[in-house]
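Peer 1: Mind having a look at this structure? Questions to follow.
The values are calculated or read from the model by the stated rules, or taken from the named source; none is laboratory data. Small disclaimer: the values here were computed from a predicted structure and weren't measured. All Cβ positions, even for glycine, are placed from backbone atoms using ideal geometry, and neighbour counts span all protein chains on display.
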């Protein structure tokens, strides 16, 4: 598991000043902490983290020598400038369930012969930190037209270690027949 080095943040320093100095403001919160901790991380580390991890991803923070097991709870990004504004981390305790999301990734989706409709690419759930799943990859090679893939069709999601926060009948993706624009206008 990846460890990111961060420092406690001075309360007097404003977020705008931090960003000008090449740091991203962040905070760590959770039941295991008496109070939330204001931290800062290097902008390069924050960019790498956002590129490689998602909300719900598990990692370790080294806060001035103290290691904390956390998940990325929220990230704020300026959509116009593409700049990271803030990141929130939630501490994890080994014996306490935590809410998170599993991100669905698709492999070989270019081999699908029909029209691929992605309907549910994030699956909300709760589990103990040791059972957390960051991403699941579904191999689309061999998936035929007319397929509806539901949550219950994915074996990893049916583990008794996961408490799903959605109906197992929900459709994750659907492969339907491709329709040409010319064919549909002729039918009308």
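Peer 1: Take segment 151-173 and flag every residue that is part of a strand (DSSP E or B) and buried (at least 17 other Cβ atoms within 10 Å of the Cβ).
Peer 2: Here is the first cut: in segment 151-173, the ones part of a strand (DSSP E or B) are 163-164, 171-173.
Matches in segment 151-173: 164, 172, 173.
Peer 1: For segment 43-72, name all the residues that are without any contact (Cβ under 8 Å) to a residue 24 or more places away in the chain and either crowded, with 19+ Cβ neighbours inside 10 Å or closer than 18 Å to residue 13 by Cβ (or both).
Peer 2: 72
Peer 1: Any idea which residue in segment 132-150 is farthest from the chain's Cα centre (by Cα), counting only those that are exposed (fewer than 14 other Cβ atoms within 10 Å of the Cβ) and closer than 18 Å to residue 103 by Cβ?
Peer 2: If we take residues in segment 132-150 being exposed (fewer than 14 other Cβ atoms within 10 Å of the Cβ) and closer than 18 Å to residue 103 by Cβ, then 139 is farthest from the chain's Cα centre (by Cα).
Peer 1: Do any strands (runs of 3 or more DSSP E) lying entirely in segment 46-120 carry at least 3 residues that are in contact with a helix residue (DSSP H, G or I) (Cβ under 9 Å, 6 or more places away or on another chain) and either modelled with pLDDT under 90 or in the same structural domain as residue 32 (by TED's automatic domain parsing) (or both), and which ones are they?
Peer 2: Numbers: elements: 58-63, 66-77, 84-91, 98-107, 115-118.
Ranges flagged: 66-77, 84-91.
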